[in-house]
Amino acid sequence: MTDFGTLILEQTPDAVILTRLDGEVVYWNNGAEAVFGYGSTEAIGRRLADLIEPPVPQDAASSDSVLRQTLATGSANYESLRHARDGVLVYIDSSSKLVRDADGAPEYILWSKKDVTALRVLRDAKLVEARFHGILDSMPDAIVVANMTGRIVLANGQAESLFGYAQGALRGLELEALMPAHMRSAHRSHRGGYMAQPSVRPMGAGLALYGLRSDGVEFPVEISLSPVTTEEGTLVISAIRDISDRKLAELALQEKNIELAKANAAKDRFLGGMSHELRTPLNAIIGFTGTMLMKLPGPINTEQAKQLRMVQDSARDLLTLINDLLDLTRIDTGKVQLDIVAVDSRALVDEVLALLAPQAHAKKPAGLVFDVIAPPDLPTVRTDRRALQHILMNLVGNAIRFADQGPLLVRLAPATVGTRPCLTFSIGDTAAGAAPLQAVSQLDTSAMQQFEGAGLSLHLSQKLAALLHGEILFDSAYGVGSVLTLVLPLET
């Protein structure tokens, strides 16, 4: 004879579950399998809370709290969020009833659970439409509003157009339907955590996010999330933007940067190789002209000696340029290692002037002399001694080269540049250098044009100064003179 009670229980679309008083499942009908995804053999013997409670609680109606209420009052009715086997959240309209044995003692709890997710979507959609009154359709971005289950309750026209859906077709879909399949599982997990603590923020910061159109085409997106609290619970507004054009531009820029990096590397290799190859014959030229000027191979007349000195000077100038090129290459490729030590600036200046004194004395028509002005209590600067010496050699050497008359003024003085305590090294003619440093502008191309022929050494000096966290400044007055000033911070 047919057991009509069992037949009815197995055919009802709702979940009918019987548990012990501690929540252990003893009966699980076909409706429960349809709603939650677990077969009866998987569910029986496990606690109901372990089966359907979300990993991150979304509301206060936990299975254990309802169980306690049922034991205390005999029954309970409530709506809550529950978790299906595949990770999907569903809204459940539940009732529970305490079942007693023949002696009236509590024995089981009977649960009836109905999936009302679709009804909740419609209810939330009406609430959103009433609140925003078509405002979402006036926004430039695609807007998707989802409830706590992650189902879409409202999407504006831009969203429907962006994802390729007919009007109203997005309602009720899971948000994961709008993204590639390989991203859905991780997104459900992250969504659960976000729903527990919603906030205004960009989605997936630092990650590459992709949308999925209805025709299966994937495209990169940028998403911002904003929670909205309503009397029915929290809704999340997602503003979605197609960034395909931006990604294409970024890719093109990245490819161009790679090409430029390769070109720069090739340039550096070429400059390095060429410079080393040129230095060898130049050293030979300098050496042989020196030998001839010493008259070791035989006597030479005055005119020949003059021409040999011109060859030697030109070769030395060219060698200096090549060395500067090598130094620039090392700076640009980050191969310069600094050795920061305490430097006696006055002693270093005296050393530089001693090295360049022969060049100054040979300046026509009457030679040049140096006039050094420095207070006796100069502060000690911490910097790379070799780089500082290189800069001073360049600045003083250029001053000698372009000075028409002497003496050349070299001034050392502490100063405040901006807000930094600094030590300044000023090199120029007497007129320009005698006045206090003022009306100073940064050395640029227009300034360097006044020193035509010395641009490379000044450019190298600028690079070295920047490595030392300093700068080179330029001041000039027509008919008065020019001064170049190296500024180094006293604290590095």
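The values are calculated or read from the model by the stated rules, or taken from the named source; none is laboratory data. All of these numbers come straight from a predicted model, not from anything done at the bench. As a convention, Cβ positions derive from the backbone with ideal geometry for all residues, glycine included, and neighbour counts pool all protein chains shown.
A few notes on this one:
- So Phe288, is it surrounded by 13 or more Cβ atoms within 10 Å (Cβ to Cβ) and aromatic (Phe, Trp, Tyr): yes
- Residue that is modelled with the highest pLDDT, among those in the range 307-346 that are of a type in the set (S, T, N, Q) and assigned to a helix (DSSP H, G or I): Ser345
Residue by residue, here is whether (1) under 25 Å from Arg120 (Cα atoms); (2) under 26 Å from the mean Cα position of the chain (by Cα); (3) among the polar types (S, T, N, Q); (4) not in a strand (DSSP E or B) holds:
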| position | (1), (2), (3), (4) |
| --- | --- |
| Gly211 | no, yes, no, no |
| Ser214 | yes, no, yes, yes |
| Glu222 | no, yes, no, no |
| Ser226 | yes, yes, yes, no |
| Thr229 | yes, no, yes, no |
| Ser238 | yes, yes, yes, no |
| Arg241 | no, yes, no, no |
| Ala252 | no, yes, no, yes |
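- Residues being in contact with a helix residue (DSSP H, G or I) (Cβ under 9 Å, 6 or more places away or on another chain) and either in contact (Cβ under 8 Å) with a residue 60 or more places away in the chain or part of a loop (DSSP other than H, G, I, E, B) (or both) are represented in the range 198-206 by at least one member.
- Boolean, Thr302 is exposed (fewer than 10 other Cβ atoms within 10 Å of the Cβ) and not charged (D, E, K, R): yes
- Of the residues making up the range 360-379, not a single one is in contact with a helix residue (DSSP H, G or I) (Cβ under 7 Å, 6 or more places away or on another chain), part of a helix (DSSP H, G or I) and farther than 30 Å from Leu490 by Cβ.
- Answer residue from the range 202-232, given it is at pLDDT below 80 and surrounded by 12 or more Cβ atoms within 10 Å (Cβ to Cβ) and is farthest from Pro54 (Cα to Cα) among those: Pro202
- In the range 164-178 there is no residue matching the filter, namely being free of Cβ contacts under 8 Å to residues at least 24 places away in the same chain and outside any loop (DSSP other than H, G, I, E, B).
- Counted as qualifying within the range 1-119 are the helices (runs of 4 or more DSSP H) with 1 or more residues that are outside the structural domain of Gly233 (by TED's automatic domain parsing), modelled with pLDDT of 90 or more and of a type in the set (Phe, Trp, Tyr), namely 30-36.
- Elements of type helices (runs of 4 or more DSSP H) contained in the range 387-492, each with 1 or more residues being surrounded by 20 or more Cβ atoms within 10 Å (Cβ to Cβ) and modelled with pLDDT of 75 or more: 455-467
- Checking the stated criteria, Ser62 turns out not to satisfy the condition of being surrounded by fewer than 18 Cβ atoms within 10 Å (Cβ to Cβ), among the polar types (S, T, N, Q) and under 20 Å from Leu9 (Cα atoms).
- Just so you know, in the range 293-306 the residues that are over 29 Å from Ser457 (Cβ atoms) and not in a loop (DSSP other than H, G, I, E, B) include one that is farthest from the chain's Cα centre (by Cα), and it is Thr302.
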